[in-house]
Amino acid sequence: MDKVYYSSRLTKGNFWFPDRVTVAPDGVHFLKRRIFGSDEEIINYDQIASVKINSGVLWANITIETAGGSQPVFINGLPKGGAQEIKEAIRHYQQY
């Protein structure tokens, strides 16, 4: 079952177009919208090398690095609990 997380509109760069992270059985889907178009990236669980969470008072930033050599994916302004859920879901799917 897919679980969707959105960054907060109250954080930097997310007021008009909040980022979206979807944890699905086939991988982690990232969507960054812009005024004209959007960028979407899907990372398979076997390609994820590390997950890093930086927590603040209210929000957390998550960085997902891949083993394939591409640029890390950075999402800011996630709720702290949501960032932990993403990390745990990635760990869960990597075990299978």
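Entry remark, the range 10-37: residues being surrounded by fewer than 16 Cβ atoms within 10 Å (Cβ to Cβ), in contact (Cβ under 8 Å) with a residue 24 or more places away in the chain and either of a type outside the set (A, V, I, L, M, F, W, C) or in contact with a Lys or Arg (Cβ under 7 Å, 6 or more places away or on another chain) (or both) number 3 in total. Taking Ala60 as the residue in question, decide whether it is crowded, with 19+ Cβ neighbours inside 10 Å, in a helix (DSSP H, G or I) and not β-branched (Val, Ile, Thr). Judged against the criteria, Ala60 is not a match. In the set Ile53, Ile42, only one residue is modelled with pLDDT of 95 or more, surrounded by fewer than 16 Cβ atoms within 10 Å (Cβ to Cβ) and β-branched (Val, Ile, Thr); that residue is Ile53. Taken together, the residues in the range 1-21 that are touching a helix residue (DSSP H, G or I) at 6+ places or on another chain (Cβ under 8 Å) and under 15 Å from Ser38 (Cα atoms) amount to 1. Look at (1) surrounded by fewer than 11 Cβ atoms within 10 Å (Cβ to Cβ); (2) outside any loop (DSSP other than H, G, I, E, B) and you find that Met1 fails only one, number (2).
Taking into account only those residues within the range 1-37 that are modelled with pLDDT of 90 or more and hydroxyl-bearing (Ser, Thr, Tyr), which is nearest to His92 (Cα to Cα)? So the residue we want is Thr22. Scanning the range 64-88 for residues that are buried (at least 19 other Cβ atoms within 10 Å of the Cβ) and either part of a helix (DSSP H, G or I) or acidic (Asp, Glu) (or both) gives Gly82, Ala83, Ile86. Contact map, the range 69-96: first residue in contact (Cβ under 8 Å) with a residue 40 or more places away in the chain, second residue of a type outside the set (Asp, Glu) and assigned to a helix (DSSP H, G or I), Cβ cut-off under 6 Å, separation 6 or more or different chains; pairs are Tyr93/Tyr45; Gln94/Tyr45.
The values are calculated or read from the model by the stated rules, or taken from the named source; none is laboratory data. Since the model is a prediction, treat every value here as computed from it, not as a measurement. Glycine gets a Cβ as well: all are built from the backbone with ideal geometry, and neighbour counts include every protein chain shown.
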